[in-house]
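Notes follow the structure.
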Amino acid sequence: MLDAKVPQREELVRRASELVPLLRSKALWIEEHRRLPEEVIEAFEASGLLNMRIPAQYGGYESDARTLIDVHAEIARGDGSAAFVFSVWSLINWIAGLFPDDVLDEVFATPNVRVSGTLAASGSAVKVPGGYKLNGSWRFNSGVLHSHWKFIAAMPDGPEAANGPITALVPVHQLETLDDWHTLGLRGSGSVTTLAKDVFVPSERIIPTYEFFTDQCKSKVNAQKAIYQVPMLVTSTAATAGQTLGAAKYALESFFDRLPGRGITYTDYASQAEAPITHLQVGEATLLTEEAEARAQRFADLIDTKVVTNEAWSQAERVKSRVEMGRIAQLAKNAVDLVAMASGGSSIYNDVPIQRIQRDMHTIVIHALTNPNTNIELYGRLLCGLEPNTQYL
């Protein structure tokens, strides 16, 4: 039975839609300052959307995958960097829910808590009484400038190194940041480098990284919930798909907003809307967007069905999750590229959204977990009867 106190999908999508005008009005500021403004953070908090993947015992909604996709798509209609950061918080707030219950009590004591981080083990960990001391640097920390906690991985010293990296939850205030986020796309995500210098992390806030792909939930309360039995990278697909879909929709929307009264320079077309090439471009871009949406919704329905039945995830389904992540992004990027080509020379100005949408989409599709080529190759291996060449499933 649905909890009447928890906002349902339609309500949460409506709240996300109401954020679009604000996000668009702040888009140039976000690009210039390479972070989200406080007005946007405050609006996120006021909307309640940050609660979508917070455990129910702390006032969270534990929203399903379809809701995640639809809400993130709406936020991406406002600004790509904001949507990327928000999707990171949705995913990693959920990951934080896999830690032991006493850790959850500490993390989720903060209203509208935001947890960011990566799985790249670019730091080192030295075992000391009661825990570890961490040192190192971590790049690509999207949203960390507005986060309370950071999820980081490091290689332990000594014999424990044989078991691979460990993952820790660390308060952001214990870390330093390096202002080095000068990039082609997702400029406003503030994905700066973070540094740890002899940061002590107690043992209860540390989990061997490989356990996130096996016996993942250490919370006795959350372990009883099917939503916390979904594989981590399947949840990542749900968190990622919406933002790419929303970017394609925003690209088409912005194109049609500019279309009335536009001609095609150096041709006899006084109206671009009357040119067959325009019809082909927008028709194909719309079909690609619809195909991306259909794939995203179909996969979300699979996730949500398996949550209801609490069925285990097969290796083939885990591989398919990676494929869907890459394919949805690929379809959305192709749609955005078509719209960008149709938008003409004037679209290169900063105040025209398509150039920013295209740069953001390029940045998303070359992300190591999203890259279509990597993920489709993985699928091909499975089709050819080979084992996956990755543990990240």
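Details
- Test: L382 is part of a helix (DSSP H, G or I), free of Cβ contacts under 8 Å to residues at least 60 places away in the same chain, farther than 20 Å from A76 by Cβ and in contact with a Pro (Cβ under 9 Å, 6 or more places away or on another chain): no
A quick yes/no check of all residues on (1) among the aromatic types (F, W, Y); (2) more than 23 Å from the chain's Cα centre (by Cα); (3) within 30 Å of T278 (Cβ to Cβ); (4) not assigned by TED's automatic domain parsing to the domain that holds F255:
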position	(1), (2), (3), (4)
W313	yes, no, no, no
E317	no, no, no, no
S321	no, no, no, no
G326	no, no, yes, no
L331	no, no, yes, no
A340	no, yes, yes, no
S346	no, yes, yes, no
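- Whichever residue in region 172-211 is under 26 Å from L233 (Cα atoms) and among the aromatic types (F, W, Y) and, among such residues, is surrounded by the most Cβ atoms within 10 Å (Cβ to Cβ): W181
- Count of residues meeting criterion [assigned to a helix (DSSP H, G or I) and either assigned by TED's automatic domain parsing to the domain that holds L91 or touching a residue at least 40 places away in the same chain (Cβ under 8 Å) (or both)] in region 107-163: 5
- Residue check for A329: touching a Ser or Thr at 6+ places or on another chain (Cβ under 7 Å) and crowded, with 16+ Cβ neighbours inside 10 Å: yes
- Residue check for S116: touching a strand residue (DSSP E or B) at 6+ places or on another chain (Cβ under 9 Å) and among the hydroxyl-bearing types (S, T, Y): yes
- The requirement of being surrounded by fewer than 21 Cβ atoms within 10 Å (Cβ to Cβ) and free of Cβ contacts under 8 Å to residues at least 60 places away in the same chain is satisfied by A275.
- Hey, F151 surrounded by fewer than 21 Cβ atoms within 10 Å (Cβ to Cβ), within 30 Å of A332 (Cβ to Cβ) and at pLDDT below 95 or not: no
- Among the residues making up region 338-347, a single one is modelled with pLDDT of 95 or more and surrounded by fewer than 18 Cβ atoms within 10 Å (Cβ to Cβ): M341.
- Top-ranked residue in region 282-296 [being buried (at least 19 other Cβ atoms within 10 Å of the Cβ) and in contact with a Leu (Cβ under 6 Å, 6 or more places away or on another chain); ranked as nearest to V339 (Cα to Cα)]: A285
- The set of residues in region 140-158 being more than 23 Å from L104 (Cβ to Cβ) and either among the hydrophobic types (A, V, I, L, M, F, W, C) or under 16 Å from the mean Cα position of the chain (by Cα) (or both) consists of F140, L145, M155.
- Residue match in region 58-65 (condition: part of a loop (DSSP other than H, G, I, E, B) and more than 22 Å from S116 (Cβ to Cβ)): yes
- Each residue in region 9-41 was checked for being over 23 Å from D70 (Cβ atoms) and without any contact (Cβ under 8 Å) to a residue 12 or more places away in the chain, and 4 of them qualify.
- Per-region count, region 304-340, residues over 23 Å from E387 (Cα atoms) and assigned to a helix (DSSP H, G or I): 19
- Members of region 282-329 that are among the small types (G, A, S) and under 14 Å from A65 (Cβ atoms): A296, A300, S321
- Checking T363 against (1) farther than 25 Å from A251 by Cβ; (2) within 18 Å of the chain's Cα centre (by Cα), the condition it does not meet: (1)
The values are calculated or read from the model by the stated rules, or taken from the named source; none is laboratory data. Here the structure is a predicted model, which is why all the values come from computation and not from measurement. Neighbour counts are summed over all protein chains in view; Cβ atoms, including those assigned to glycine, are modelled from backbone coordinates with ideal geometry.
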